[in-house]
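Participant: Handing you this structure, nothing more for now.
Every number in this text was worked out from the coordinates using simple rules, so none of it is lab data. Here the structure is a predicted model, which is why all the values come from computation and not from measurement. When we count neighbours, we look across all protein chains shown, and the Cβ atoms used for this are built from the backbone with ideal geometry, even at glycine.
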Amino acid sequence: MPATDAAPSLDAFRGEVRAFFSDQLPAALDGVTGSMARAKAWRAALFDAGLAAIDYPAEFGGRGLSPEYKAAFNEESRGLTPREDAVFGIGVGMAMPTIRDFATDELKERFLSPGLRGDDVWCQMYSEPGAGSDLAGLTTRADLDGDEWVVTGQKVWTSGAQHSQYAILLARTDFDAPKHRGVTMFVLPVEQDGVTVRPLVQMTGEAEFNEVFIDEARIPKSWVVGDVNGGWRTAVALLAHERVQTGVASVGGSGKQRSKAGRVPIPVSQLIELARERDRLDDPVMRHELARLYTGETIMGYFKHMGVHPSIGKLWRTIQGRAAADTAARLAFPASPAWADDGSKRGVDEDYFAYHILNCRGMSLGGGTDEIQRNTLGERVLGLPREPGPGKDTPFKELPRN
Ligand SMILES: Cc1cc2nc3c(=O)[nH]c(=O)nc-3n(C[C@H](O)[C@H](O)[C@H](O)COP(=O)(O)OP(=O)(O)OC[C@H]3O[C@@H](n4cnc5c(N)ncnc54)[C@H](O)[C@@H]3O)c2cc1C
């Protein structure tokens, strides 16, 4: 839908969203099979309907509407977004807003529309074997060679790199500068000879993330997001989007959904259903646990509308997610928390709960560990003294490293 100058009324906009999900989307997905094909068909339909970039300027396919329209979209679409959309979490949720806010016009024109439409898939190359929580310790290097940056190093835990055309990459461009001041954010084309992506298999049996070996990969000189050596500022801005994305904003599953996608806490209504099936609803200990989880879920619901600090949302979600998975384990697999993958036929629900029990552990790492969220809250919200660390002015090359 072409962007128009006049904003629709909120009611008319809500009607548009409802019509999209009831009529346009089913038509767009009709006969489309395969996870990636369905993901792309969904995102393209959403973009073409003018609903994928509600708060982006019209020149990038956006509607230029105020946040209340985005909130209305979120309300109307709750529980209706196809699970395949998860592949765009990093691109649409983190990379695009960072490019919109910090990149040059050239990069905005080149990347925003296709990224928001789902034509390009993006990943985030931050973490390295020696730099996770201590992200500013990264050692992947980028050196300017004529009109190109040449990048060499290793990244790890890169979600979705195996499907991605582009990565938001952090690399060190000045080893003489202090830790936080010699880092630059780039757009790296993933599909090139210098980039090798190797999937890492998790305990669920899936390989969502990868290790990435970068050996003299090339990046055009102008594909820098923000300033050369000023990448820490843009890196932190992207992390703020990530914390919103992985915090309570992402919670919204209905009691009926049995989606394995994403890492959201099991809805309490599903645990109550499971307890009823297993004849445990009269067990006082189980009732206590369910009541505690219900309280947690209700509080998360309030958080969503209160605009709490993203680290509070992220921390709360991971605590709730682990507690819900532990309760599911006690209900679904009372004999043991482990089971044999002997090919015997399990019920769909057992499979679903087993997946959640294994997968929820990653919630407390991805997007920053629980300890790091607590440090952030202590230092930036409560104003406690910062963690002791090396001098802020010490050149990176002089710092001890593991
Ligand atoms: C599901 C999942 C998806 C991910 N996707 C991506 C991705 O797409 N791109 C990407 O770049 N990264 C990704 N990551 C990596 C993630 O950001 C890191 O795992 C995380 O930052 C922790 O880093 P680390 O694994 O190196 O652990 P470490 O930093 O080595 O931490 C080990 C332990 O020490 C604790 N610790 C470390 N420092 C402190 C401190 N200062 N105070 C208190 N405790 C501390 C940590 O809390 C943790 O318990 C993903 C991780 C997971 C699990």
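Participant: What does the charge count around PRO199 come to, taking other residues whose C-beta lies under 15 Å from its C-beta (Lys +1, Arg +1, Asp -1, Glu -1)?
Facilitator: -1
Participant: Please give the Cα centre distance for the range 190-227 versus the range 84-151, rounded to the nearest Å.
Facilitator: Answer, in whole Å: 11.
Participant: What's the center-to-center distance, using Cα atoms, between the range 261-314 and the range 1-77 in Å?
Facilitator: Centre-to-centre (Cα) distance: 30 Å.
Participant: Still on this structure, I have one more. Which residue fluctuates the most in the chain, going by a Gaussian network model with Cα springs under 10 Å, if the choices are ALA52, ALA291, ALA275?
Facilitator: Looking only at ALA52, ALA291, ALA275, the biggest GNM fluctuation is shown by ALA291.
Participant: Using Cα-Cα distances under 8 Å and only pairs 6 or more residues apart, what relative contact order does the chain have, in percent?
Facilitator: Rounded, it is 13 percent for the chain.
Participant: What percent antiparallel are the DSSP beta bridges of the range 123-230, to the nearest 5?
Facilitator: 90 percent
Participant: Based on other C-beta atoms within 10 Å, arrange THR104, THR173 from fewest to most.
Facilitator: Ranked by crowding around the Cβ, least crowded first: THR104, THR173.
Participant: Figure the gain on full extension for ALA37 and LEU358 (residue separation times 0.36 nm, minus the Cα-Cα span) and round it to one decimal in nm.
Facilitator: Full extension of this stretch gives 112.9 nm more.
Participant: Let me ask another. Once both labels are modelled 7 Å past Cα along the beta-carbon direction, what's the GLU371-ASP143 spacing in nm?
Facilitator: That separation, rounded to one decimal, is 3.5 nm.
Participant: Taking only C-alpha pairs under 8 Å that are 6+ residues apart, what is the relative contact order of the range 138-239 in percent?
Facilitator: Result for the range 138-239 is 34 percent.
Participant: Could you give the C-alpha radius of gyration of the range 357-397 expressed as a fraction of 2.2 N^0.38 Å, taking N as the number of residues it contains?
Facilitator: Its radius of gyration relative to the 2.2 N^0.38 Å reference: 1.60.
Participant: Give the calculated FRET efficiency between VAL285 and ASP101 to the nearest 0.05, with a Förster radius of 35 Å applied to their Cβ-Cβ distance.
Facilitator: 0.10
Participant: Strictly over 30 Å apart at the Cα level, which of LYS40/LYS155; LYS70/LYS314; LYS108/LYS155; LYS70/LYS155; LYS221/LYS304 would you flag in this model?
Facilitator: Going by Cα-Cα distance, LYS70/LYS155; LYS221/LYS304 fall outside the 30 Å limit.
Participant: Let me ask another. May I ask which residue of LEU25, ALA37, TYR69 lies farthest towards the positive end of the charge dipole of the range 21-115, with charges of +1 (Lys, Arg) and -1 (Asp, Glu) on Cβ and the Cα centre as origin?
Facilitator: Ranked along the dipole, the leading option is ALA37.
Participant: In deg cm²/dmol and to the nearest 500, what is the mean residue ellipticity at 222 nm of the chain if only DSSP H runs of at least 4 residues count, each as -39500 (n - 2.57), divided by the residue total?
Facilitator: -12000 deg cm²/dmol
Participant: Taking the Cα centre as origin and putting +1 on Lys and Arg beta-carbons and -1 on Asp and Glu beta-carbons, what dipole magnitude results for the chain, to the nearest 20 debye?
Facilitator: Dipole of the chain, to the nearest 20 debye: 1000 debye.
Participant: Let me ask something else. How large is the charge dipole for the range 10-120, taken about the Cα centre, if only the Cβ atoms of Lys, Arg (+1) and Asp, Glu (-1) carry charge, to the nearest 20 debye?
Facilitator: 260 debye
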